[in-house]
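The structure under discussion appears below in the form of structure tokens.
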Amino acid sequence: MIFRPLALVLTMCLLPIAPIAQAAPDAKATAALHALFDADYERQLREEPLGASFLGDDRYNDKMPDLSPAATAAHQQAVRDSRQTLLAIDRKLLSEADQLNYDIYLRDLDEGIAGFRFHDEYMPVSHQGGVHTFADGMLQGLRFEKAKDYSDWIARLRAYGTYTDQTIALMRQGIASGWLRPKAIMQRVPAQIAGQIVANPEDSASYSPFKAMSVNVSAADQARLRAEAKAAVVDVVLPALKRFQTFFNNEYLPKCRDSVAAGDLPDGKAYYDFLAASYTTTDLSAAQIHEIGLKEVARLHDDMEKIRVEVGFQGDLQAFFTYLRNDPKFHYNDGAQLLMAYRALAKRIDPELPRLFGTLPRAPYGVVPIPDALAPDTTTAYYQAGSADGRRAGNYYVNLYKPETRLIWEMVPLTLHESVPGHHLQISIANELPEQPMFRRQAGFTAYVEGWALYAEQLGYDVGLYSDPYDRMGQKAYEMWRAVRLVVDTGMHAQGWSRQQAIDYFKANDPKSEHDITNEIDRYLATPGQALAYKIGQMKISELRAKAQAKLGDRFDLRAFHDELLGAGALPLSVLETRMNAWLDAQPAAAH
């Protein structure tokens, strides 16, 4: 999973379009296209200053997003205007690469415009985060190196009151229009808000950068900045949190819906279909995805049974799951030991990468704990990309909350997924493609990005990481987890399943801990459709590899295959398939 505070990503369904042969690209048309890309990217940074900060662009570090109706209307008009500007450019005059850029960008704009009919902006808060966890989430992506970094943060704290009030206004729109999240997940939020309201301002998450300040800041400036930060927390942040607490507990939570289905929102069936198509970059229906999930669950059951027999466990698969969840040998009881084990595992994987890839990214990554305030309601781990300028490393965040619930046998596939060769490697390679416009380097087609990361879990077999049968069980459990997602996400949002029914199905088919299972189901309630992308993407990538191996036989070069697969950044699955088929057609077939 990738932590994304900003959706500067592309998530649309694309059909492959055959390039039109031409003698040479037209310089004027090419310049107009790239001028549009650059202007829109700059606009997005201005509109989403928090996301700009995560990307490493510090020009807007003193700004907060404008959530007003006027700003929303201006954004929507800007997207429509960009579409008209794009259509005024003659696609036939562009190079083959820019024709693909044109097509991707047009579909992105079209999808954005299609999404304006839905109003999920009225649901800006969930148990996964929002205005109440702003500081804990935002500080993961900021660097504090000079006095201006601290003064910029203080400016954001001063603007936090307006940001909070605009969030409340959006949520009141949600109450009025029926765009509300399920009460089952929103019941987690009051405790999160309460944890942010402190008696001593120096205990506030918002103040935390000022506890140990950079040596580049003079003693006099440190004293001044600490005083200003403390005043901002006392005068703005804590009062805003208290306003939000009163609104949420007394006005909002009682109105949250008892239903869990996205299909029960206004225009909900169309909304869920839109999300499923966007996240998977396919035209698969919810019913088709559900059936794919059921078949994958059945297939993986057979694989798990073979491992149960291999280790000599006496009992059925359900008893084996209970053993895997609860036996003390599968747990660390100390968070510090768990963190050390994650770091050691990551460093064990790093030297194996040249066996799998010809091209490796320059960007490093770290393995760090998820912040304590976020950990209880957060998944087992997530990845946060480094800055676009390369000055901040990527981070693999691991959950140390209740280490006795964290399972040792899941650590290998989890680390392969979130760090290398999963998210860090793929996203960093994309970010280091200088010939691509920024919207392509930062593209986040979920089916590709998460499909790659799930596929990366299987690459442990190629480098000998699954010699232990319990580690192999972890890989099968993680693949099963993503197959289960296809069933329970569509089940809850399109087929009338209850939250408990989804939890029970998950528990019956996968040995993940009950704590993780509950958090996962609640995640699917907060972000409908997102969980569908992983298995759909992984199945397509695995299919492409199998096709290449079948054609090339002994001539199949895994490094070359991976380099081609990753060499254009994230793509919709249909475009990826077209690219890989063209590459495969250019390879000499296996000798017979």
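Restricted to segment 199-213, and to residues that are aliphatic (A, V, I, L, M) and not in a helix (DSSP H, G or I), which residue is surrounded by the most Cβ atoms within 10 Å (Cβ to Cβ)? Steps first, please.
We begin by selecting, within segment 199-213, every residue aliphatic (A, V, I, L, M); these are 199, 205, 212-213.
If we keep only those that are not in a helix (DSSP H, G or I) as well, we get 199, 212-213.
Numbers: ALA199: 7, ALA212: 8, MET213: 19.
Result: MET213.
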*How many residues are more than 21 Å from THR133 (Cα to Cα) and polar (S, T, N, Q) when one looks only at segment 216-269?*
4
*Taking segment 231-243 on its own, how many of its residues are surrounded by fewer than 18 Cβ atoms within 10 Å (Cβ to Cβ) and either among the basic types (Lys, Arg) or within 21 Å of GLY141 (Cα to Cα) (or both)?*
2
*Go through the residues of segment 303-311 one by one and say whether even a single one is without any contact (Cβ under 8 Å) to a residue 12 or more places away in the chain, touching a Pro at 6+ places or on another chain (Cβ under 9 Å), under 20 Å from VAL484 (Cβ atoms) and not hydrophobic (A, V, I, L, M, F, W, C).*
no
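Given the residues ALA494, ALA453, which is the only one that is surrounded by fewer than 24 Cβ atoms within 10 Å (Cβ to Cβ) and within 27 Å of GLU291 (Cβ to Cβ)? Even if it seems obvious, please write down each step before you answer.
On the way: ALA453 fails: surrounded by fewer than 24 Cβ atoms within 10 Å (Cβ to Cβ).
After ruling out the rest, the residue left standing is ALA494.
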*Would you mind finding the one in ALA568, ALA548, ALA589 that is assigned to a loop (DSSP other than H, G, I, E, B) and over 23 Å from the mean Cα position of the chain (by Cα)?*
ALA589
*Which residue out of TRP452, TRP481 is closer than 29 Å to GLY569 by Cβ, free of Cβ contacts under 8 Å to residues at least 60 places away in the same chain and not small (Gly, Ala, Ser)?*
TRP481
_Please go through (1) charged (D, E, K, R); (2) more than 30 Å from PHE210 (Cβ to Cβ); (3) assigned to a helix (DSSP H, G or I) for GLU228 and return the number of the only condition it doesn't satisfy._
(2)
*Looking at segment 509-531, which of its residues are part of a helix (DSSP H, G or I) and within 14 Å of TYR478 (Cα to Cα)?*
ASN509, ASP516, ILE517, GLU520, ALA531
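Out of segment 387-427, which residues are of a type in the set (Val, Ile, Thr), in a helix (DSSP H, G or I) and either in contact with a strand residue (DSSP E or B) (Cβ under 6 Å, 6 or more places away or on another chain) or under 30 Å from GLY567 (Cα atoms) (or both)?
Initially, segment 387-427 is screened for residues of a type in the set (Val, Ile, Thr), giving 398, 405, 408, 412, 415, 420, 427.
Subsequent filtering for residues that are in a helix (DSSP H, G or I) retains 405, 408, 412, 415, 427.
Listed by number, the residues that qualify are VAL412, THR415, ILE427.
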*Can you name the residue in segment 385-407 that is of a type in the set (S, T, N, Q) and modelled with pLDDT under 95 and is also surrounded by the fewest Cβ atoms within 10 Å (Cβ to Cβ) among such residues?*
THR405
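Do the conditions hold for ASN216, that is, is it loosely packed, with under 13 Cβ neighbours inside 10 Å and assigned by TED's automatic domain parsing to the domain that holds ALA159?
Values: loosely packed, with under 13 Cβ neighbours inside 10 Å: yes; assigned by TED's automatic domain parsing to the domain that holds ALA159: yes.
It is true that ASN216 is loosely packed, with under 13 Cβ neighbours inside 10 Å and assigned by TED's automatic domain parsing to the domain that holds ALA159.
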*asked:* Looking at segment 42-71 only, could you name the residues that are surrounded by fewer than 15 Cβ atoms within 10 Å (Cβ to Cβ) and in contact (Cβ under 8 Å) with a residue 24 or more places away in the chain?
replied: SER68, ALA71
*May I ask you to list the residues in segment 381-408 that are closer than 18 Å to ASP471 by Cα and small (Gly, Ala, Ser)?*
ALA381
*asked:* If LYS329 satisfies all but one of (1) farther than 30 Å from GLN187 by Cα; (2) buried (at least 20 other Cβ atoms within 10 Å of the Cβ), what's the number of the condition it fails?
replied: (2)
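Take ASP302 and tell me if it is surrounded by 15 or more Cβ atoms within 10 Å (Cβ to Cβ) and not in a loop (DSSP other than H, G, I, E, B). Lay out the reasoning, then the answer.
On the way: surrounded by 15 or more Cβ atoms within 10 Å (Cβ to Cβ): no; not in a loop (DSSP other than H, G, I, E, B): yes.
So ASP302 fails the test.
Please find, within segment 340-367, the residue that is nearest to the chain's Cα centre (by Cα) out of those that are among the hydroxyl-bearing types (Ser, Thr, Tyr) and surrounded by 19 or more Cβ atoms within 10 Å (Cβ to Cβ).
Only one residue fits best here, namely TYR365.
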_For ASP110, only one of the following conditions fails: (1) in contact with a Lys or Arg (Cβ under 8 Å, 6 or more places away or on another chain); (2) in contact (Cβ under 8 Å) with a residue 24 or more places away in the chain; (3) surrounded by 17 or more Cβ atoms within 10 Å (Cβ to Cβ). What is its number?_
(3)
*May I ask you to list pairs of residues, at least six apart or on different chains, whose Cβ atoms are under 8 Å apart, with the first in segment 117-128 being outside any loop (DSSP other than H, G, I, E, B) and the second being charged (D, E, K, R) and buried (at least 19 other Cβ atoms within 10 Å of the Cβ)?*
SER126/ARG181
*Identify all residues within segment 498-518 that are surrounded by fewer than 21 Cβ atoms within 10 Å (Cβ to Cβ) and modelled with pLDDT of 95 or more; write none if there are none.*
SER498, ARG499, GLN500, GLN501, ILE503, ASP504, TYR505, LYS507, ALA508, THR518
_Test result for TYR448, closer than 12 Å to MET304 by Cα and assigned to a helix (DSSP H, G or I)_ = no
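What tally of residues in segment 362-376 results from selecting those that are touching a strand residue (DSSP E or B) at 6+ places or on another chain (Cβ under 9 Å) and farther than 18 Å from GLY422 by Cα? Step through it out loud before you land on a result.
We begin by selecting, within segment 362-376, every residue touching a strand residue (DSSP E or B) at 6+ places or on another chain (Cβ under 9 Å); these are 363-371, 374-375.
Adding the requirement that they be farther than 18 Å from GLY422 by Cα leaves 369-371, 374-375.
Matching residues across segment 362-376 total 5.
The values are calculated or read from the model by the stated rules, or taken from the named source; none is laboratory data. Since we're looking at a predicted model, the values are computed, not measured. Heads up, the Cβs are rebuilt from the backbone with ideal geometry, glycines too, and the neighbour counts pull from every protein chain shown.
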